[in-house]
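The values are calculated or read from the model by the stated rules, or taken from the named source; none is laboratory data. Source: prediction; values computed, not measured. Please note: Cβ atoms are built from the backbone with ideal geometry, for glycine as well, and neighbour counts cover all protein chains shown. With ligands, DNA and RNA removed, areas are computed over all heavy atoms of the protein, side chains included. Shrake-Rupley method; radii C 1.70, N 1.55, O 1.52, S 1.80 Å.
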Amino acid sequence: MVWKGRIECILICTHMIENGKRIVIVGGVAGGASCAARARRLCEKCTIEIFEKSPFVSFANCGLPYYVGNVITEEKNLLVATPQRFHDYFNIKVHTEHEVTAIDPAAREIEVCDLKTGVRRSEPYDALVMATGANAIRPPLPGIDLPGVRILRTIPDSRRMRAAVEKAGSAVVVGGGFIGLEMAENLVRRNISVTIIEAAPQVMTPLDPEMAIRVAQQLKENGVEVRVNCAVESFAESKGGGLEVHVSTGESLRADLAVLAIGVKPAAELAVTAGIDTGSSGGIHVDDSMRTSDPNIWAVGDVVETTDIVTGTRRPLALAGPANRQGRVAAATIMRSFYPETCERRSGIRFRGVQATSVCGVFGMTVAMTGANERALQHAGIEDFERVYLHPGHHVGYYPGARPIHLKLIYSTTDGRILGAQAVGEAGVERRIDVIAMAMQMGGTVFDLEEAELCYAPQFGAAKDPVNLAGMIAANTLRGDFSPAAWEELNSSNAVVLDVRSPEEFRDGHIPGSVNIPLPDLRGRIDELSPAESEEWKHREVWLTCGVGQRAYYATRLLMQNGYNVKVLSGGMMTYETLVAARSQSAAP
Ligand code: FAD
């Protein structure tokens, strides 16, 4: 029905529009360019103009770190479309180096400054789309404006960064998020020695700490120095040239270059001045048709805040996918507003909200996630959740080259709804997260993951794909086949920790105080768990562990059917090691 309605809407819009309206778009990159092109495909008669303050439209800002790293060698490859192409393909006029300086919503006009001549003029609109993106956060720290302190948002920024890299031997990257990590990798590629400083106790804060620790380890293994719990306080020129970066630990780090990558904030100043509502994050408030508080103004991309589908909170999200999709939604709903009698009917086009599905490459490791992490859930007051860990191969073990995927699935204990997933590994990671992301968007549960029919051949996956396994393990907990033990209570619980690995594996490292009975021996040695002379033991829980959780699960079923009160330490020793490492990292100065 929805599809039929959408197709009808498009056909009707295309054929019935008689008098052209004027759509003006501020900002011509991801959201703005996508909105413009879609609007033209829906309406031949409208006038569509883009005003973009930089010299470029529709460029690949996501490719900039790789241009600095010389993976992308030619600047022209970053240009997804040019003003000429917008003109030739879409009859859209693009005004580059034109900054929109004010909006007059009552008169439906914008003020535009031609940056080449300095001349200002007014431009009318019937519909205005704000696609102004986000600004890099630049705290007012001493020395932040020194020439060696750089950000990377635009093509001119990347030119400057490439020039700086030519002369640099060392760099401090401030911020361990997506862009910070991509920059670190690309600077190392250019033979620069890199230190990441991150104020939080971990890099990659959208991950939970025990997942992020793998990323920190990967950085270190590739020669990057990682300092967490370490905030930059000031920059100064170094006597011998370069910079001194003063940090909260009292140290001073010398570097030829500092890259500031501590996040962005919505570039909503124009909208605020025009009286358009913004939310608590500073992003422009929009409804699900991307319309702002002004009925003639829409907003898309990094500049808006929308609803997080997991937590229900309003948030900005600086990602290219949502910006592009929002641009399309805005184009469709603008048409609906122009021609309500023809386009409103059953169009069903709306923005569904965000879930922060994202991916990052770190020296051959893929880090991907979707939905909420534990911190975000707690912050949103959601307490009825559980998590499971698993470490399956990205394809079957018998086919050469299987690499582990470290996967964490978070789900509602009330109804099994998937709340979030995080994965780290060398291969097949983003595919699993994408599948889970789609299931989440459709309101899916762990039972849906358990039943998902996914493609399989030995070199690609497994008959029980990691996505199925995650669903099966989580579904087993909800059905009462086993209960996950709370890793965080390991030290405070009086449970017997039973390790069912082989004696050799146990000798190589185990949880302090744990008991080792290998799985094959367990049936014969079950009485050792509750010695007859010790009444107290009978009332203790048995928490099971093994390498990755599989043998522990088998042992659980065995023990449960023998009347024991059993829980599984999800993900086994492979999870334990990261939890211990994450704890010691967060405690590090
Ligand atoms: P932008 O694409 O930022 O476009 C906004 C445009 O508006 C700018 O060109 C700006 O010049 C213009 N503008 C602003 N104010 C005015 C004004 N007053 N008048 C005229 N023009 C104006 N996302 C991912 O999903 N994956 C990635 O791998 C990824 N990597 C990234 C790497 C880097 C280095 C950067 C900077 C971003 C990356 N992103 C990535 C984020 C992604 O690029 C953004 O989320 C996306 O571009 C947002 O689109 P937008 O249209 O809202 O804003």
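A few remarks follow.
- For segment 364-479, the normalised intensity computed at q = 0.10, 0.11, 0.18, 0.23 Å⁻¹ comes to -0.27, -0.32, -0.84, -1.29 (log10 of I(q)/I(0), Debye sum over alpha carbons, equal scatterers, no solvent).
- Helix axis angle, 2-16 relative to the chain longest principal axis, alpha carbon, degrees: 10
- In the chain, taking the dipole from charged Cβ atoms about the Cα centre, the farthest positive-side position among Leu498, Cys455, Val215 is held by Cys455.
- FRET efficiency, Gln561 to Ser280 (Cβ-Cβ, R0 56 Å, nearest 0.05): 0.60
- Compactness of segment 84-209 is given as radius of gyration and Dmax, 20.0, 55 Å, from Cα positions.
- Each label was represented as a point 7 Å from its Cα along the Cα-to-Cβ direction; for Ser170 and Thr249 these points are 1.4 nm apart.
- Distance violations [Cα-Cα > 23 Å] among Lys45/Lys93; Lys53/Lys93; Lys21/Lys265; Lys116/Lys265; Lys408/Lys464; Lys93/Lys116: Lys21/Lys265; Lys116/Lys265
- Prolate/oblate/rounded call for segment 458-502, Cα gyration tensor, a/c under 1.5 rounded: prolate
- Charge-dipole axis of the chain as Lys and Arg at +1 and Asp and Glu at -1 on Cβ define it, positive-most pick from Gly549, Ser530, Pro400: Pro400
- Taken over the C-alpha atoms, the chain has Rg and Dmax values of 27.3, 93 angstrom.
- Take the Cα radius of gyration of segment 149-262 and divide it by 2.2 N^0.38 Å, N being the number of residues; the result is 1.00.
- Loop sites in segment 483-568: trypsin sites (Lys or Arg not before Pro), DSSP, at most 16 other Cβ within 10 Å: Arg540
- Assuming charge only on the beta carbon of Lys and Arg (+1) and of Asp and Glu (-1), the dipole of the chain about its Cα centre is about 1500 debye to the nearest 20.
- Estimated from helical segments only, the mean residue ellipticity of the chain at 222 nm is -9000 deg cm²/dmol, where each DSSP H run of four or more residues counts as -39500 (n - 2.57).
- All C-alpha pair distances within segment 257-357, sorted into 5 Å bins from zero, spread as 2, 13, 22, 23, 17, 12, 6, 2, 1, 1, 0, 0 percent across the bins.
- In the context of the full set of protein chains, residues of the chain present 43 Å² of accessible surface per residue (probe radius 1.4 Å, heavy atoms only).
- Gyration tensor (alpha-carbon) shape descriptor, segment 328-406, a/c threshold 1.5: prolate
- Near-label residues of segment 85-102 by backbone N, under 13 Å of a point 7 Å along Cα→Cβ of Asp114: 95-99
- For the chain, the longest principal axis of the alpha carbon atoms and the long axis of helix 320-338 meet at an angle near 50°.
- Normalised per residue, the volume of the convex hull around the Cα set of segment 458-542 (Å³): 168
- Farthest toward positive dipole pole in segment 149-262 [+1 Lys/Arg, -1 Asp/Glu at C-beta], among Pro206, Thr195, Ala163: Ala163
- Accessible-area composition of the chain, carbon plus sulfur, in percent [1.4 Å probe]: 51
- For segment 487-569, the dipole from Cβ point charges (+1 on Lys and Arg, -1 on Asp and Glu) about the Cα centre works out to 320 debye, to the nearest 20.
- Using only side-chain charges placed at the Cβ, +1 for Lys and Arg and -1 for Asp and Glu, the dipole size of segment 364-479 relative to its Cα centre rounds to 280 debye.
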